[in-house]
Amino acid sequence: MPSILIKNGTIFDPSRVFELRADLLIRDGRIAAVGTNLGSADTVIDAAGKYVVPGLIDIHVHFREPGDEEEETVASGAATAVAGGFTTVCCMPNTKPALDNEGQIELIIRQAQRANLANVLPIGAITKGREGKELAEIGSMLQRGAIAFSDDGVGVADASVMRKALQYCKMFDTVIMQHCEEPTLSGGAMHAGVVSAGLGVPGIPAEAEQLMIARDVLLDRTIGCRYHVQHISTAGSVELIRRAKRDGLPVTAEVAPHHLLLTDEMCRTFDTNYKMNPPLRTAADVKACIAGVKDGTIDILATDHAPHLAEEKELEFVYAPFGIIGLECALPLYVKALVEPGHITWMQLIAMMTAKAADIVKLDKGTLQAGKVGDVTIIDPNHKWTIDCARFLSKSRNCPFTGWEVGCRAVTTIVGGEVKWSLEEGIRGRSQ
Amino acid sequence: MTDTAAPRWTRKHLLTLEELSAEEILFILDTAASFKEVSTRSIKKVPALRGRVMVNAFFEDSTRTRTSFTLAASRLSADILDFSEKGSSVSKGETLIDTARNIEAMGVDIIVIRHPAAGAATLLSRTVKCSVVNAGDGAHEHPTQGLLDLYTIRERFGKIAGLKVAIVGDIANSRVARSNLWGLTKLGAEVILVGPTTLVPRAFEKFGAKVVHDLDSVIGTVDVINMLRVQFERIKSSQFPSVREFTRFFGLTQERFQRCKENVFIMHPGPMNRGIEISSGIADGPQSGILQQVTNGLSVRMAVLYLVTQVGA
């Protein structure tokens, strides 16, 4: 494997909280050294004016394989991931059929190896068929390579099943990721509030999310299983997590770019690219989510990359499916939402997108220490560009951020010591 | 605006009353007034839309709205096509957009759409080149109903500004309530929304309405009472416990009617549940404008069909 020397960049290593002008050498697929005068290498990349960071990690994506391969596959998902600077992504099990057994976990791992782009790590279903009734074979899936467990798309509604799931996962010290939505309070198509009242669109109240978080935190108080709240969206949820953390519970949370940048006002035009679950909330909720990021209540950033066919998204608002794609524009959007206004620093941002994400799923990644795997992303912090989802490597186009002017971009993505993508050349070894 | 030659109507579609200005609403009402005269002639027809095609695309049951649009178009000498499909496009396998493009490919000038999903007319207007008229989209809006209610109120009182109008019933799920609310407030009326807390969310106060849960507290103060139809399926979803209890608290009974202003005007978009939200004696009595609403619906729809087709592509 050819060695790579990244010269003259600014190195951010959140695992050791340092930021310095230095070179980085990758040899035999691993980080060999960070420093100066590191000698020569087979490939030399000049990163002057650029940031060199651990490969970005997104623990919440949907790659639609098996079942909806026309929307996304593990291969196309991995391609769009590296084009966004992500070296590791964790894919949710709400496929058809669900990733609820060893065989399905094996399928994702094999498909990821075939694609040979990003690390794609499967998340197993908590319950068989994601039906919320019986526990899936969590232990066997873990042994086969599942990285965490979730019924994402829905929450585990039954309290007794959820309690068993927390107890059972505690045995393996794995993490449960919950899509928090109490179904008896839900069933709407957008946030229940003033805008939905005016539009006559059925709403999803903030309490649907908060009720499940509150219940799970209560259940987990005596169990102590690692519990992660997916795509947090309401001010009340942030407060519940803040209290749970204050009480010392093993609770973490993530937030998606759209919940930091958009509000339910966007739904006024009935554009289904603004339909996601959890829905876009109010400006007060956006503010609370940003405050949650600032004070550490929200641990990490995750895209909830959710591809859908154009035909599906061109439906009436209430009938269209939830979700938007986000891997290729996530980094600059987080920067716009959090770094540019001065809420957090670049170092804090990189930590949330690398080391802290790795921590939640217990991955030995998110660091640039010598000897660790050579997953590295180079970011141009001053690259101005206009988001255009038509150019994404994803198979889908459902993204409301097309046309947004943003100020930075991943320019080179290195996975396992190999350049998989660069802005100039696209996917390595593949003609564009 | 200083340019007096500026066109008073520039919209190709009629989708909501929310997006219209007071001036635009008044312009439709004035146009409707001039069309009302047509219905008094012995030959009730003008050639305004001769050679034009209007299609009624109804994805939901409707008798009066569809009939009214049909008659309005025929009085304007348009050709009329009827298309109905019950249930959503999803269940049929063809999307709304595909259905609409197919209809449009036959060369129509106006699609009048009634659909169970909020925003369906808006979606359509972004897709097709012809005019789109919203004949009711889910719980969102029913602009021609709103306009005909405004017309009827103006006809009765000679004005709208300064009137107090109560809209009573299932506000949360009513497109009629929303269109009335936008139209009335834009024209300076005071709107009071009345109904149980489960069906009249406080959020409506943000739109300039007063929200009241005690009909008796306002009944003697209002100039107009617009009673909405009770939807029995709301009982199943626990939005009120029974018809009997609804009538007891929110029905327009004879007893309540006695306490109304002397010249109170009673309206209902139909179809009525007699004896439930409105007692028969009131619906058929001299204070009732219910049949005038239907008559005026025709003129208003003629005006709308005429105006949207006068705007170039």
For segment B:143-293 the mean separation of alpha carbon contacts under 8 Å (6+ apart) over residue count, i.e. relative contact order in percent, is 23
Of the residues B:Val224, B:Ser62, B:Asn180, the Cα lying farthest along the dipole of chain B towards its positive end, which is defined by charges on the beta carbon of Lys, Arg, Asp and Glu, belongs to B:Ser62
Note on segment A:55-360: contact order normalised by length, alpha-carbon pairs under 8 Å, 6 or more apart, percent, works out to 16
Taking r as the C-beta separation of B:Glu37 and A:Ala291 and R0 as 41 Å, the FRET efficiency to the nearest 0.05 is 0.05
Percent antiparallel among DSSP beta bridges confined to chain B, nearest 5, equals 5
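Rounded, prolate or oblate: pick one for segment A:55-360, where a ≥ b ≥ c are the square roots of the eigenvalues of its C-alpha gyration tensor, a/c under 1.5 means rounded, and failing that, prolate if a/b is larger than b/c, else oblate.
Numbers: a/c = 1.22, a/b = 1.12, b/c = 1.09.
Cα axes put segment A:55-360 in the rounded bin.
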Rounded to the nearest 10, the angle in degrees between the Cα long axis of helix B:290-308 and the longest principal axis of the Cα atoms of chain B comes to 30
Result for chain A, cysteines with no Cys Cβ partner under 4.7 Å, is A:Cys90, A:Cys91, A:Cys169, A:Cys180, A:Cys225, A:Cys267, A:Cys289, A:Cys329, A:Cys408
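Please get the size of the charge dipole for the protein assembly as shown, origin at its Cα centre, with Cβ charges of +1 on Lys and Arg and -1 on Asp and Glu, quoted in debye to the nearest 20. Don't skip to the end; give the middle numbers.
On the way: 81 positive and 86 negative charges, 269 e Å.
Dipole size: approximately 1300 debye.
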Among A:Thr263, B:Ile25, A:Gly236, the residue whose Cα sits farthest towards the positive end of the charge dipole of the protein assembly as shown (+1 at Cβ of Lys and Arg, -1 at Cβ of Asp and Glu, taken about the Cα centre) is B:Ile25
Expressed as a percent, the portion of alpha-carbon pairs in segment B:103-192 spaced more than 21 Å apart is 39
Per the helix-only model, chain B has a calculated mean residue ellipticity at 222 nm (DSSP H runs of ≥4, -39500 (n - 2.57) each, divided over all residues, rounded to the nearest 500) of -10500 deg cm²/dmol
Expressed in Å to one decimal, the Kirkwood Rh of segment B:143-293 from all distinct alpha-carbon pairs is 15.1
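What ranking of A:Met171, A:Met352 emerges when the number of other C-beta atoms within 10 Å of each C-beta is taken as an exposure proxy, fewest first? Intermediate values should be presented prior to the final figure.
Working: A:Met171 10, A:Met352 24.
Going from least to most buried by this count: A:Met171, A:Met352.
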Per-residue ellipticity at 222 nm attributable to helices in chain A (runs of n ≥ 4 DSSP H, -39500 (n - 2.57) apiece, nearest 500 deg cm²/dmol) works out to -7500 deg cm²/dmol
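For each of A:Val61, A:Val411, count neighbouring Cβ atoms within 10 Å of the residue's Cβ, then give the residues from fewest to most.
Values: A:Val61 28, A:Val411 19.
Ascending Cβ contact count within 10 Å gives the list A:Val411, A:Val61.
Using 29 Å as the Cα-Cα cut-off, could you pick out the over-long pairs in A:Lys275/A:Lys362; A:Lys128/A:Lys294; B:Lys36/B:Lys186? All intermediate terms of the calculation are to be shown ahead of the outcome.
Working: A:Lys275/A:Lys362 32 Å; A:Lys128/A:Lys294 37 Å; B:Lys36/B:Lys186 23 Å.
Checking Cα-Cα distances, A:Lys275/A:Lys362; A:Lys128/A:Lys294 exceed 29 Å.
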Under the 7 Å Cα-to-Cβ spin-label approximation, B:Glu245 and A:Asn37 lie apart by a distance in nanometres of 8.6
Among A:Cys91, A:Ala253, A:Ile4, the residue whose Cα sits farthest towards the positive end of the charge dipole of the protein assembly as shown (+1 at Cβ of Lys and Arg, -1 at Cβ of Asp and Glu, taken about the Cα centre) is A:Ala253
Tilt, helix A:206-220 to longest principal axis of chain A (alpha-carbon atoms), in degrees rounded to tens, equals 80
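Need one word for the protein assembly as shown: rounded, prolate or oblate. Basis is the Cα gyration tensor (sqrt eigenvalues a ≥ b ≥ c); a/c below 1.5 gives rounded, then a/b vs b/c decides.
Details: a/c = 2.55, a/b = 1.95, b/c = 1.31.
Cα axes put the protein assembly as shown in the prolate bin.
For segment A:203-253, just say rounded, prolate or oblate: build the C-alpha gyration tensor, square-root its eigenvalues into a ≥ b ≥ c, call rounded for a/c under 1.5, and beyond that prolate if a/b exceeds b/c, oblate if not.
Details: a/c = 2.07, a/b = 1.76, b/c = 1.18.
Because a/c hits 1.5 or more and a/b exceeds b/c, segment A:203-253 counts as prolate.
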Per-residue Cβ contact counts at 10 Å, fewest first, order A:Glu418, B:Glu233, B:Glu94 as B:Glu233, B:Glu94, A:Glu418
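Computed from the coordinates by the stated procedures, all read-outs in this text should not be read as laboratory data. Bear in mind the structure is a predicted one, so any value in this text is a computation, not a measurement. Every residue, glycine among them, receives a Cβ derived from its backbone with ideal geometry; neighbour counts consider all protein chains shown.
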